[in-house]
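Notes for the one structure printed next.
The values are calculated or read from the model by the stated rules, or taken from the named source; none is laboratory data. Because the structure is predicted, anything quoted here is derived from the model rather than measured. Backbone-built Cβ (ideal geometry, glycine too); neighbour counts: all protein chains shown.
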Amino acid sequence: MAAFSHHLEKFRSALQGAVAAARPKVRFQLTYRTGPLIALWVLLVLYPNPFYLAVSVYRVFNPDINPAVVEPLLDGLPSDPLEIEIELLRRIPYRYDWETHGMPWYFPPTARVVERGEGDCKARAVVVASVFEHLDIPYRFNSSLVHVWVEYDGKAPSTFENPDAKFYQQDPETGERVFQVPDVKWRLWFDSTKEGLWDVMPVFRKALLLFGIGLLVIARVVLRRNASQSIDNTRGL
């Protein structure tokens with residue numbers, strides 16, 4: 001009897017050790033599985049067709065500059081580059097991507113911008129660049145974390161458009177591509193991102209996004225609690 005009790009105690013100790021070792025693994029697995037599901041849900045709510053996100057990233061470094069499609073915009077343009085840009089921005093009113101494309105962030109081709117006649121900084125920049133290309137005006141195509149713009153000789157810097165803000169610059173004339181660490185104004189970056197990505201997001205998309213995330217988090221909590229209870233029940237054997 002004493003021998004049996006001894007072996008039973010050893011079995012119980014081994015089982016308790018296995019349970020203690022399994023608990024972090026169970027929690028890690030639940031977290032590991034929930035995180036990717038939340039990321040996938042966010043992606044599909046924001047981009048039902050993820051192709052548009054991929055092509056937009058590509059166009060950051062390979063913008064669709066198309067001089068042929070901007071010919072309708074050439075009539076009545078002034079000759080000075082600064083005045084040309086001002087006039088083009090007047091003709092292409094600013095609209096967020098949510099409003100024009102139904103997505104939080106999209107880099108459109110020039111033809112689509114000309115067709116719609118509106119767009120955000122990316123859309124307006126490709127139009128300005130395409131007109132400059134058509135008129136043989138030298139320019140550089142710049143991107144920061146929150147803005148895209150065309151730089152040219154004689155253009156004065158501003159809060160969003162200055163040499164320190166950009167992380168990438170492309171010179172179509174020379175083919176030179178320059179990367180640098182931008183000087184990020186975090187408060188400005190946060191306010192601009194919130195305004196463009198969240199504030200103008202359709203209410204239905206916001207509700208769908210938050211509902212899905214909340215449901216996945218609740219499921220994770222319930223599964224984790226059930227897993228812990230199951231382990232505790234096993235420990236009590």
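Some points to look at:
- Flag if SER79 is among the small types (Gly, Ala, Ser) and either on the phi > 0 side of the Ramachandran plot or in contact with a Phe, Trp or Tyr (Cβ under 7 Å, 6 or more places away or on another chain) (or both): no
- When residues of the stretch 164-173 are limited to those that are more than 19 Å from the chain's Cα centre (by Cα) and either of a type in the set (Lys, Arg) or under 17 Å from ASP64 (Cα atoms) (or both), the one surrounded by the most Cβ atoms within 10 Å (Cβ to Cβ): GLN170
- Residue match in the stretch 33-40 (condition: of a type in the set (D, E, K, R), part of a loop (DSSP other than H, G, I, E, B) and either in contact (Cβ under 8 Å) with a residue 24 or more places away in the chain or over 20 Å from PRO138 (Cα atoms) (or both)): no
- Residue in the stretch 68-79 that is more than 25 Å from ARG177 (Cβ to Cβ), polar (S, T, N, Q) and in contact with a Lys or Arg (Cβ under 9 Å, 6 or more places away or on another chain) present: no
- Residue among TYR96, TYR58 that is touching a Gly at 6+ places or on another chain (Cβ under 6 Å) and among the aromatic types (Phe, Trp, Tyr): TYR96
- The single condition among (1) at pLDDT 95 or above; (2) buried (at least 16 other Cβ atoms within 10 Å of the Cβ); (3) touching a Lys or Arg at 6+ places or on another chain (Cβ under 9 Å) that MET201 does not meet is (3).
- Neighbours by Cβ (under 6 Å, 6+ apart or cross-chain): first from the stretch 76-98, assigned to a helix (DSSP H, G or I); second acidic (Asp, Glu): ASP97/ASP120
- Residues being closer than 13 Å to TRP98 by Cα and in a loop (DSSP other than H, G, I, E, B) - total across the stretch 41-53: 1
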